Each structure stands twice: as C-alpha cells, then as structure tokens.
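Have a look at the structure below before the remarks.
Values in this text are rule-based calculations from the coordinates and carry no lab data. Predicted model, so just to flag it, every value in this text is computed and none were measured.
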Amino acid sequence: MLQGCYEIANDPDILLSTVLGSCVAACIREPVSGIGGMNHFLLPEEAVKDGAEASLRYGAHSMESLVNAVAAASGVSDRRRLEAKVFGGGAVVSGLSDIGQRNAVFVRTWLARDGLRVVAEDLGGKEGRRVLFHPASGRAWCRPISNADSRQIQEQERAPIQRAPAAKLEIELF
C-alpha cells in the first residue's frame, strides 16, 4: 500500500501490506464481520487549510475515511465495536523533525478520542517496518525492514511533500 492510501476487505485471500518509516499505518477491523482495512498516512494534520480537498496523506482525513469505510461495510453504527492495530512512527531519518513521534501521538489520541480499542501497536523507535495485515482474521505481522528498504524510505522522507494541484472545473451553460 502506498502513502496516502487506504484499502478495506474481508476476503480471506487478501493480505494488505505496506512499508513504513515515520509514517503510520492503522489496521482497523470489525471482528464479527471480519471486515477490516489499513491506511498509510504521512503527517498528522494539514498545516494550512486552503479549501482544497482533504488528502489521505494526512492522519485526520485518513483515519476518518478508513474507520467510516470499515463501519459502513460491516454495518456497524457504533464505532467502538471496531478494534485497531497501529504501526510505524519511526525516527528513521536523523536530522529531521520527529514527525514519527508526532504521528504516533496523533494516532493514539485519535483512537482514544473515538473510543476504538487498540489491541496491538508497534510505534516509535529508529527502524522502518514492513507491515502485513489479514483483515478477515485480524492477524498482523510487523517486521523491521532491510537496510536497502531503509535507504529508500529515507530518500522518500527527505523529499518535500508536493501539494496536488487543485482540479480545474469547467462549467458549460446551455
């Protein structure tokens, strides 16, 4: 799964996967239906609100989108029935602000505020992680990543975040 995305499923053949550095992935699941999903966000919240469409790169929008999708697909009206597993938030690039720590604090606070039970977490530290999540069973695996993967994550995280250009709307009057 790429940065700024989320996916939900309940197919027993689906395994969701992502690689994290300072980013965070939340695995959200409704245990009775077996419907669950994973997101991957870069930053806790947008620094500037300019009227542009909210982006899944930011935790506030990503978490809300994922939880709403899982709740809707499973037919759950009480979001407190959902369980969460959260991963990432590492300090993998020395010299950068500790965005990983900010992401970890954000996701913990967001889940507590919404009353979702955290059943597993692996947040913080200095390593990147590879996360696999099987929504149908709720099982998750989190492993430290290789040095080659770590270098790739460091390069991605040093690059400035580019804001997507606003869509140009054309209106035709008849």
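Couplings 3J(HN,Hα) for region 69-83, derived from phi with the Karplus relation 6.51 cos²θ - 1.76 cosθ + 1.60 (θ = phi - 60°), are 5, 5, 4, 5, 5, 8, x, 8, 9, 9, 4, 5, 6, 7, 10 Hz, where x marks Gly and Pro. Length gained on full extension, residue 77 to residue 94: 1.8 nm, using 0.36 nm per residue less the C-alpha separation.
Distant-in-sequence amide contacts of residue 122, defined by a placed amide H-H separation under 5 Å and a gap of 5 or more residues or a different chain, comprise 86, 87, 88. Reducing region 90-112 and region 25-46 to their Cα centroids gives an inter-centroid distance of 16 Å.
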